[in-house]
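The values are calculated or read from the model by the stated rules, or taken from the named source; none is laboratory data. None of these values were measured; they are calculated from a predicted model. Here the Cβ is made from the backbone with ideal geometry for all residues, glycine too, and neighbour counts use every protein chain on show. In case anyone asks, the SASA skips ligands and DNA or RNA and just uses the protein heavy atoms, side chains included. Shrake-Rupley method; radii C 1.70, N 1.55, O 1.52, S 1.80 Å.
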Amino acid sequence: MVELLAPAGSFDALKAAVEAGADAVYLAGEKFGARAYAENFAGDALPRAVEYAHLRGAAVHVTVNTLIADAELDEFAAYIKFLQRANVDALLVQDLGAASVAKSIAPEIPLHASTQMTIHNSEGVRELADLGFSRAVLSRELTLAEIETICRASPIETEIFIHGALCVCWSGQCLMSSLIGGRSGNRGRCAQPCRLPYELVDAGGKNLLSGAGKYLLSPKDLNTIDLLPRLVEAGVTSLKIEGRMKRPEYVATVVKVYRDALDKNFSVTDNQRRKLAQIFNRDFTTAYLEQNPGRNLISDGKPNNRGVLIGRVVEVGRDKLTLKLSGELHAGDQVEIWIKVGGRVTFTVDEFTLRGNLCTVKAPTRGVRVHDRAFKIFDAELTAEARKFFTGAPVRKIPVDANVQAHLDAPLTLTLTDADGNSATAQTNFIAARAVNRPLIVETLRAQIGRLGNSIFVLKDFSADIDAGLMVPISELNDVRRRTVEQLETRRLEKFTRPNVEPVAQKIFPPYAVDDTKLVAHVDTLEKVQAALDAGADEILFGGETFTNRPVKNFSDAVKLVHARGKKFSLATPRLLREAEQLTLPESDVVYVHNLSTLRIARRLTDAPIRTDFSLHVFNTATINFLRNLGVEGVTLSPELNLTQIKALAKKSPLPVECIVHGRQELMISAYCVLGSFIGALDKGSCPHVCRTKKFFLRDRMNELFPVVTDQFCRMHILNAKTLSMIEHRNDFDGVARLRVDCRALTVDETAQIVRAYKFGGAELENFTRGHFFRGVTNIENSR
């Protein structure tokens, strides 16, 4: 049976999810979760949440899926022990070091790879299996065909998102919020800059999309209700609803609709579809599951809830509007009028009159015109229906069968058996005696035993074997019922108890000693190779993604050129490798990899030393040691570390570390392309490659220009508006083995200038940024 997995950002949301039919929930405690702004579960609220779910047969997956700083590793280890005592059912992780720590402390708790790990191919899930993971959350950019291929090849469970908000960037690869505002998505504090307005402009500043909305990076919400049969057929283990920041009413509504669809042979009514849209939507999409949606992925006109269209304005009065309705309207509903001259007019329905499908309602009318559209953004009746799932008595009760044995001069015995086969038995303290009057009868027993009140149980079948003319006090019946219920609850909790497993400690390696710091130039053309060597580069990193929408060429010539100078040639591999894409490894001295799948393939295809690149996040010594155990020769540190953290890591690291100190940092890599979608025709299956014709930028509200480029795989990259530069601080990286300058966005002359400046000294650039080197990202303790 496929698992329905629901979000729980609060205790009410947990109740809503479980009562509405979720098989499992995912939530975070007060630390290390990727949704720091949710209410979450602090202190003893988490063990109580686990018990609440377990009693009702639902599993609890706890997200510890942020990057963990070195200074937090001891606190993280203590937190894992706390979760172990709480008897959670799985740990969802992003950080490989965090996974290593969790495995060494609580190896009996299953490890799930978060979508932040960017697992997007079958090699990735195979590698996770070898590393001890039991489940992978697959990237949301995958097609149905890719998901099916991965599921068939996977030795572990797979999980996919089926409903809710989408990230426009591949999850785990976004640095936009981090580098613009210091609020890192990888640390649980994403500020969602993708939901802000942008203009697509050329180098002259001309707006190229005057007819489009401004929310060019804001995706619609995922809705796969009509694809459920195909997803289940593909072999997915778990269907995941996004929404830990959403209200419990949202959780209850969405879970109930998907639960009913799964239980009723995928049958879905129009009313259920309306409920999904009404509770929250930015318009809906199936993302990449069926095809590349192009501009149909994006809600460019509105980045937040749009509600459901219920009619148009047909008359505007002084303080009232008349709407021609296409849907129902009730007191307490909230309506938003989309006025033609920008903006919105919002009001709550109070006084109104109906004449057929015409509704006259008291409302603000400034700016409203005839024919403006009316959207219901809050449905009072739907909200009240949803609230029943987390207020008052339990909705989703567990049927139990009761059997009573009562005989003279013996205690009465009650046995309760639930639908899962759990059984509990208790006896009265009172010994059954002859009744003087009002003897015990089956109907009385049934009534008293069936008074299960606010417990999670409801009486289904009742049987009794009792002697005639017995007396047992009602108080004794109530007491034996209470104790039997408590025992049955204990039996249900025992199902989730795991046996202890002896942890296997990883080998810890001594620090690596650095003799001198090398300068690495990352280039993508033969001409830049020559320029970088002439300027003094110690190593050349060649290949990876280009920013020209054209493939890298001249590998063999580049190798000869580098080796002729007596320098080291390193091969950069792509950040992503879709299922149908092949990884080829030309001759090289070193191979750089961005993800676990490429690491796995590289180990198989080459004997060259392997280094990890910045997409495979290295934020702590535990991760470095983990990678050292996998045979990695060197690591590139996360661009979200500050200089103090970098020096401390370099001093303790068992591997040589590398830092990217110069270049246009990649804020996003996306399967969505704003150029092909809005200027081209990606939604129709074609693209004129306008990216090759001139330079394009996204202009934000502060008039900053973010370059938009595409690589040879037609993936979009958004680069930082300012160039990272540490020229003046190039000598401050004590213990760092390699400093890298990324020259892919530079000309040949600029490449020579920058490499020479880092090698021999030079003037600082204009319009530069120090990145995170002197500020870092917001600390985890400041996010609580």
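Looking at the chain, do any whole DSSP H helices span at least 27 angstrom along their long axis by alpha carbon and average 1.6 or above on Kyte-Doolittle, and which?
Details: long enough: 474-494 (30 Å, -1.19).
In the chain, no H run is both long and hydrophobic enough.
Within the stretch 478-516, list the residues whose amide N lies under 18 Å from a label point set 7 Å along Cα→Cβ of Met1.
492-497
By how many nm would the segment from Thr391 to Gln582 lengthen if fully extended, with 0.36 nm per residue of separation less the alpha-carbon distance? Intermediate values should be presented prior to the final figure.
On the way: separation 191, 0.36 × 191 = 68.76 nm, distance 5.32 nm.
63.4 nm is the gain from fully extending Thr391 to Gln582.
Counting other Cβ atoms within 10 Å, which trypsin sites (Lys or Arg not before Pro) in the stretch 443-490 have at most 15 and lie in a DSSP loop? It would help to have the intermediate numbers written out before the result.
On the way: sites: Arg446, Arg451, Lys460, Arg481, Arg482, Arg483; in loops: Arg451.
Those satisfying the criteria are Arg451.
Let me have the 222 nm mean residue ellipticity of the chain computed from DSSP H runs of 4+ only, each contributing -39500 (n - 2.57), with the sum over all residues rounded to the nearest 500. Display every interim value, and only then the final one.
Numbers: 20 runs with 207 residues, N = 784.
Calculated mean residue ellipticity at 222 nm is -8000 deg cm²/dmol.
Using a 1.4 Å probe over the heavy atoms of the protein chains, calculate the carbon and sulfur portion of the accessible area of the chain as a whole percent.
Details: 15230 of 31360 Å².
C and S fraction of accessible area: 49 percent.
In nm², what is the average projected area of the convex hull enclosing the Cα atoms of the chain?
Details: hull surface 156.4 nm².
Its average projected convex-hull area is 39.1 nm².
Mind checking the full-extension length gain between Glu527 and His689? Use 0.36 nm per residue of separation minus the Cα-Cα distance, one decimal, nm.
Numbers: separation 162, 0.36 × 162 = 58.32 nm, distance 2.42 nm.
Full-extension gain reported as 55.9 nm.
Near Lys31, which lysines are there with a Cα under 16 Å away, not counting those fewer than 8 places off in the same chain?
Straight-line reach from Lys31, under 16 Å: Lys81.
Each label point is 7 Å from the Cα along the Cα-to-Cβ direction; what then is the distance between the points at Ser326 and Arg274, in nm?
1.3
Once the other residues with Cβ under 11 Å from the Cβ of Gly205 are scored (Lys, Arg +1; Asp, Glu -1), what is the net sum?
Details: positive: Lys206, Arg699; negative: Glu199, Asp202.
Cβ neighbours under 11 Å give a net charge of 0.
Just order 713-720, 620-627, 114-121, 261-268 by mean Cβ neighbour count inside 10 Å, highest at the front, would you?
On the way: 713-720: 21.4, 620-627: 24.8, 114-121: 26.9, 261-268: 13.2.
Ranking, from highest mean packing down: 114-121, 620-627, 713-720, 261-268.
Using the 4.7 Å Cβ rule, please list in number order the cysteines from the chain without any candidate partner.
So, Cys151, Cys167, Cys190, Cys194, Cys359, Cys659, Cys673, Cys687, Cys691, Cys714, Cys743.
Which FRET efficiency, nearest 0.05, do Asn554 and Arg603 yield, Cβ-Cβ r, R0 22 Å?
The formula returns an efficiency of 0.25 here.
With r as the distance between the Cβ atoms of Val232 and Asp319 and R0 = 56 Å, compute the FRET efficiency 1/(1 + (r/R0)^6) and round to 0.05.
On the way: r = 52 Å, r/R0 = 0.94.
After rounding to 0.05, the efficiency reads 0.60.
Among 382-388, 525-531, 2-8, how do they line up from the highest to the lowest mean number of other beta-carbon atoms within 10 Å?
Numbers: 382-388: 17.0, 525-531: 21.0, 2-8: 24.6.
Sorting 382-388, 525-531, 2-8 by mean packing, highest first, produces 2-8, 525-531, 382-388.
Could you work out how far the C-alpha centroid of the stretch 620-638 sits from that of the stretch 10-82, in angstrom?
Cα centroid to Cα centroid, the span is 28 Å.
Taking R0 as 45 Å, what's the FRET efficiency between Glu486 and Leu73 from their Cβ-Cβ distance, rounded to 0.05?
Numbers: r = 40 Å, r/R0 = 0.89.
Working from the Cβ atoms, E equals 0.65.
Could you provide, to the nearest whole Å², the per residue accessible area of the chain with probe 1.4 Å?
With the other protein chains kept in place, the chain gives 40 Å² per residue.
Roughly what would the spin-label model give for Gln712 and Ser104, points 7 Å off Cα along C-beta, in nm?
Spacing of the two 7 Å Cα→Cβ label points: 4.0 nm.
Residue separation times 0.36 nm, minus the C-alpha to C-alpha distance between Asp534 and Leu630: what's the value? Let's see the in-between values first.
Working: separation 96, 0.36 × 96 = 34.56 nm, distance 3.57 nm.
Computed gain between Asp534 and Leu630 is 31.0 nm.
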